[in-house]
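The values are calculated or read from the model by the stated rules, or taken from the named source; none is laboratory data. The shown structure was predicted, so the numbers you read here are calculated from the model rather than taken from an experiment. Methodologically, a virtual Cβ is constructed for each residue, glycine included, from the backbone with ideal geometry; neighbour enumeration extends over all protein chains shown.
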Amino acid sequence: MILEMIVAGELFAIQIHELDHSLLSIGWDWDYTSTITFGAILCKGFLPLYLGDERSMKCFIGLGNPGKQYELNRHNVGFMALDRFAEKWGITTFQNKNKALQAEGVVNGTKVYLLKPMTYMNLSGESMRAFLDFYKAKLEDVVIVYDDMDTAFGQIRLRYQGSPGGHNGIKSIIQHGGTQTFDRIRIGINRPAPGFNIADYVLSNFTKEEMKSIGEVLDLTCDAMAFSLTNSFEKTMAKFNK
């Protein structure tokens, strides 16, 4: 038997003989014809296996500053991580929405939103709040990805609560989220040498030597992001906090 499925405007035809036994065993009527909207899929001629279920959702918010002059700044490694994740999972289009460049796709069966706030770092929380309000989402559905001076370069550190630690983007997230408890992936950038101005340091580019291995750091971050979609954040922390 052939099942026709329209996904994102494209028609697909697939064989479903492998499902015959499971469907017939619960008394489904193959002659029943209906049109049912289920997530992003419009299915014709059958009853869906998970009628009424809602696909889970996760929003990754990478922190940074908009503008080409900031692209390779240490402070923009959150943007870099989201771009890398989008590339890995074939998420190709970012659009202006919710005070951010926003993209979406499906990764490992989970609806994923990628958000790069265009508010500049100190107002990042405004974009997060706009997203939460627009989609009626919960803070529990959000993971913040950002640079951290207290984590060594080449490492990431996952936490689910804590103070901003002097990070103005996280201060804004806490302000607009109303809590210090939310999932976060901190990407290590090291601390500057004593006496070096902090603002100048985070708004400077990674060194040539660091750029040689930044891809590995971003890949590690993407692995943690993907793992968190199918595992609890506590389990993700246990796996990636080394």
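Evaluation of Lys171 against the conditions (1) in contact with an Asp or Glu (Cβ under 9 Å, 6 or more places away or on another chain); (2) farther than 25 Å from Thr230 by Cα; (3) basic (Lys, Arg) shows that the sole unmet condition is (1).
None of Gly125, Gly90 is farther than 15 Å from Met57 by Cβ, of a type outside the set (D, E, K, R), in the same structural domain as Gly62 (by TED's automatic domain parsing) and part of a helix (DSSP H, G or I) except Gly125.
Has segment 101-117 got at least one residue that is more than 27 Å from Met237 (Cα to Cα) and either surrounded by fewer than 17 Cβ atoms within 10 Å (Cβ to Cβ) or not assigned by TED's automatic domain parsing to the domain that holds Gly78 (or both)? Checked segment 101-117: no residue is more than 27 Å from Met237 (Cα to Cα) and either surrounded by fewer than 17 Cβ atoms within 10 Å (Cβ to Cβ) or not assigned by TED's automatic domain parsing to the domain that holds Gly78 (or both).
Any chance you could count how many residues in segment 215-235 are closer than 16 Å to Glu71 by Cα and surrounded by fewer than 18 Cβ atoms within 10 Å (Cβ to Cβ)? Here the count works out to 1.
Only residues that are in contact (Cβ under 8 Å) with a residue 60 or more places away in the chain and either under 19 Å from Glu210 (Cβ atoms) or in contact with a Ser or Thr (Cβ under 7 Å, 6 or more places away or on another chain) (or both) were counted across segment 140-166, and they come to 11. Of the candidates Ile185, Ile198, Ile174, Ile189, the single residue that is under 17 Å from the mean Cα position of the chain (by Cα) and β-branched (Val, Ile, Thr) is Ile185.
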